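Provided herewith is a single structure, encoded as structure tokens, for subsequent inquiry.
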Amino acid sequence: MRFLKPSTIVSAHCDVPCGIYDPTAAQVAAKTVKAMYDKYAAVTGDDDKSLNSKTRMVLVKEEHAQKVKDELLILWTDYFKPNHEADHPGLGEKIKAACNTASKAKQDFDPSHADTLVAQVDEIAGIFWDTKKA
């Protein structure tokens with residue numbers, strides 16, 4: 001049984017080994033939300049096939065808007081530290097605003113929400129990559 005006990009105790013400042021955090025999934029999800037708005041607008045029919053397509057697009061839009069929120073919250077709670085916010089004032093508010101925009105994108109079909117979401121997530125991704133340089 002002694003072989004199951006670790007011989008060295010290690011600790012980390014995050015949940016998992018550093019280097020795996022990445023905002024790309026949030027960016028792809030935000031762009032998917034925008035793509036679903038665009039595809040939905042392109043469907044002109046009101047037959048069963050069109051209705052089915054629109055329904056699926058709404059589902060994908062909502063799933064990806066939620067993914068944006070999930071990915072940003074992981075970055076906020078597990079990656080970003082107080083020194084990151086000190087170097088980038090308002091970072092927490094930017095993440096909160098992007099999560100709120102993702103919620104709005106789930107609630108209705110205003111294309112401006114998708115455009116805003118993409119811009120907000122891209123800004124947060126830029127801050128993330130800036131912190132990786134430090």
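Can you find a residue that is within 15 Å of Y37 (Cβ to Cβ), open to solvent by less than 20 Å² (accessible area, probe 1.4 Å) and not acidic (D, E) anywhere in the stretch 73-91? Break it down into steps so the answer makes sense when it comes.
The first filter runs over the stretch 73-91 and keeps only residues within 15 Å of Y37 (Cβ to Cβ), leaving none.
Scanning the stretch 73-91, I find no residue that is within 15 Å of Y37 (Cβ to Cβ), open to solvent by less than 20 Å² (accessible area, probe 1.4 Å) and not acidic (D, E), so the answer is no.
Then there's this: Out of everything in the stretch 88-108 that is in contact (Cβ under 8 Å) with a residue 24 or more places away in the chain and in contact with a Leu (Cβ under 8 Å, 6 or more places away or on another chain), what residue ends up being farthest from Q66 (Cα to Cα)? Even if it seems obvious, please write down each step before you answer.
Residues of the stretch 88-108 in contact (Cβ under 8 Å) with a residue 24 or more places away in the chain: 88, 91, 94-95, 98-99, 102-103, 105-106.
Narrowing the set further to residues that are in contact with a Leu (Cβ under 8 Å, 6 or more places away or on another chain) leaves 95, 98-99, 102, 105.
Details: I95: 14, A98: 11, C99: 9, A102: 7, A105: 9 Å.
Checking each candidate, the answer is I95.
Can you tell me which residue is farthest from the chain's Cα centre (by Cα) among those in the stretch 114-134 that are surrounded by 13 or more Cβ atoms within 10 Å (Cβ to Cβ) and among the charged types (D, E, K, R)?
D115
Do we find that P111 is exposed (fewer than 12 other Cβ atoms within 10 Å of the Cβ) and out of contact with any Leu (no Cβ under 6 Å at 6 or more places or on another chain) in this structure? Let's see the steps before the verdict.
Details: exposed (fewer than 12 other Cβ atoms within 10 Å of the Cβ): no; out of contact with any Leu (no Cβ under 6 Å at 6 or more places or on another chain): yes.
Judged against the criteria, P111 is not a match.
Hey, K61 hits all of (1) without any contact (Cβ under 8 Å) to a residue 40 or more places away in the chain; (2) over 28 Å from K133 (Cα atoms); (3) out of contact with any His (no Cβ under 9 Å at 6 or more places or on another chain) but one; which does it fall short on?
Going through (1) without any contact (Cβ under 8 Å) to a residue 40 or more places away in the chain; (2) over 28 Å from K133 (Cα atoms); (3) out of contact with any His (no Cβ under 9 Å at 6 or more places or on another chain) one by one, K61 breaks only (1).
So which residues in the stretch 41-73 are within 27 Å of K96 (Cα to Cα) and not charged (D, E, K, R)? I'd like the intermediate steps shown before the answer.
Kept after step one, since they are within 27 Å of K96 (Cα to Cα), are these residues of the stretch 41-73: 57-73.
Matches in the stretch 41-73: M57, V58, L59, V60, H64, A65, Q66, V68, L72, L73.
Name the residue that is modelled with the lowest pLDDT, counting only residues in the stretch 1-43 that are aromatic (F, W, Y) and farther than 19 Å from D130 by Cα. Talk me through it step by step, then tell me what you get.
Filtering the stretch 1-43 for residues aromatic (F, W, Y) gives 3, 21, 37, 40.
Imposing the further condition that a residue be farther than 19 Å from D130 by Cα reduces the set to 3, 37, 40.
Details: F3: 59, Y37: 95, Y40: 94.
Looking at the filtered set, the residue picked out is F3.
The values are calculated or read from the model by the stated rules, or taken from the named source; none is laboratory data. From a predicted model like this one, the values you see are computed outputs, not experimental measurements. Ideal geometry is used to build each Cβ from the backbone, glycine not excepted, and the neighbour counts take in all protein chains shown. Each accessible area value is taken on the protein alone, full model and side chains, heavy atoms only, with ligands, DNA and RNA left out. Shrake-Rupley method; radii C 1.70, N 1.55, O 1.52, S 1.80 Å.
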